[in-house]
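One structure below.
The values are calculated or read from the model by the stated rules, or taken from the named source; none is laboratory data. Here the structure is a predicted model, which means the values were calculated and not measured. Note that we place each Cβ from the backbone using ideal geometry, even for glycine, and neighbour counts take in every protein chain shown.
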Amino acid sequence: MTNLIPTTDSNQMTRKQRELFEREQLILDTAQKILQSEGLQSLTMDRVAAEIEYSKGTVYNHFSSKEEIISGISCRCMINLTEMFSRARDYAGSHRERIAAIGIAQTLYAQLHPIEMQNMQVIKSAAVREKISAEKQLSLLQLEQKVTGIVLEIVRDAMNAGDIPKDQPFIPDSIVMGLWTMGYGSSLLNISGIPFKKLGMQEPLEMSWINSHKLLDSYQWQPLSSEFDIYELRSKLCNELFSAEMKQLNNPKNK
């Protein structure tokens, strides 16, 4: 069975590897369309094979089950998030601006790819995990480590630079976990269908932006949000780091 998902540079592949990779992407693209239009219950190996006009055996050469296909989609999600998070980490601004950019990246990705975010929740289920090969589970874990590693790196750099007082318990883990909880939770709430405005509440993604700064302030991460405008910062980071994603978000036809 092939395992080419984490590889994105086709220039480093042989012709045979490139053909396998392209077919694997076709399978994942097709499965994602089925998930988006009809839901998990409609995703079967037979259905995918029929849609791409290959034999079911060909699909099984790449993925042993529909759960592995979902894992493959999740791997692509993590690859894309890694690229966006890397832009945030490498931004020539303060550590506080970089961690804020991480939040923007996660929110933008969740808005542009809501089905992928749902898949990330599905893939955490033990019933789904047990149907995924150890090799593909390892691929997903390694990608998750890259994503969390970028965030941890920013927090540790901020601590070493003196932007965050070090005499606090459980840092950097508590900061990363707090941001992760808010970002992941708000993304799921955003696609839940709950009518927050009718309930007299702000939308989840907006509250996540506000609350993330309150969290950073609670750890005395300098500069405090009282010293700058968080909305001006968001606008600046969107323009300088994520203009392509903002254009896609504002033009649904490009999604």
Criterion: surrounded by 12 or more Cβ atoms within 10 Å (Cβ to Cβ) and touching a Cys at 6+ places or on another chain (Cβ under 9 Å) - qualifying residue of 245, 153: 245
Looking at the range 160-167, is at least one residue within 17 Å of the chain's Cα centre (by Cα), assigned to a loop (DSSP other than H, G, I, E, B) and touching a residue at least 60 places away in the same chain (Cβ under 8 Å)? no
If you go through the range 9-28, how many residues are modelled with pLDDT under 95, surrounded by 14 or more Cβ atoms within 10 Å (Cβ to Cβ) and not basic (Lys, Arg)? 7
Is it the case that the range 187-201 has a residue that's touching a Gly at 6+ places or on another chain (Cβ under 9 Å), within 25 Å of residue 145 (Cα to Cα) and of a type in the set (Ser, Thr, Tyr)? no
Please state which one of 134, 92, 49 is over 16 Å from residue 188 (Cβ atoms), outside the structural domain of residue 238 (by TED's automatic domain parsing) and without any contact (Cβ under 8 Å) to a residue 40 or more places away in the chain. 49
Has the range 99-120 got any residue that is of a type in the set (Asp, Glu) and either in contact with a strand residue (DSSP E or B) (Cβ under 6 Å, 6 or more places away or on another chain) or over 21 Å from residue 65 (Cα atoms) (or both)? no
Has the range 175-192 got any residue that is modelled with pLDDT under 95, loosely packed, with under 12 Cβ neighbours inside 10 Å and among the small types (Gly, Ala, Ser)? yes
Inspect all residues belonging to the range 53-63 and state whether any of them is outside any helix (DSSP H, G or I), surrounded by fewer than 18 Cβ atoms within 10 Å (Cβ to Cβ) and either in the same structural domain as residue 141 (by TED's automatic domain parsing) or touching a helix residue (DSSP H, G or I) at 6+ places or on another chain (Cβ under 9 Å) (or both). yes
Name the single residue, out of those in the range 218-229 being loosely packed, with under 15 Cβ neighbours inside 10 Å and either of a type in the set (S, T, N, Q) or assigned to a helix (DSSP H, G or I) (or both), that is nearest to the chain's Cα centre (by Cα). 218
If you go through the range 115-132 one residue at a time, how many are under 17 Å from the mean Cα position of the chain (by Cα) and among the hydroxyl-bearing types (Ser, Thr, Tyr)? 0
Take the residues in the range 230-255 that are farther than 26 Å from residue 175 by Cβ and charged (D, E, K, R); name whichever of them is nearest to the chain's Cα centre (by Cα). 255
Only one residue in 166, 214 is in contact with a helix residue (DSSP H, G or I) (Cβ under 9 Å, 6 or more places away or on another chain), at pLDDT below 95, surrounded by fewer than 19 Cβ atoms within 10 Å (Cβ to Cβ) and over 24 Å from residue 86 (Cβ atoms), so which one is that? 166
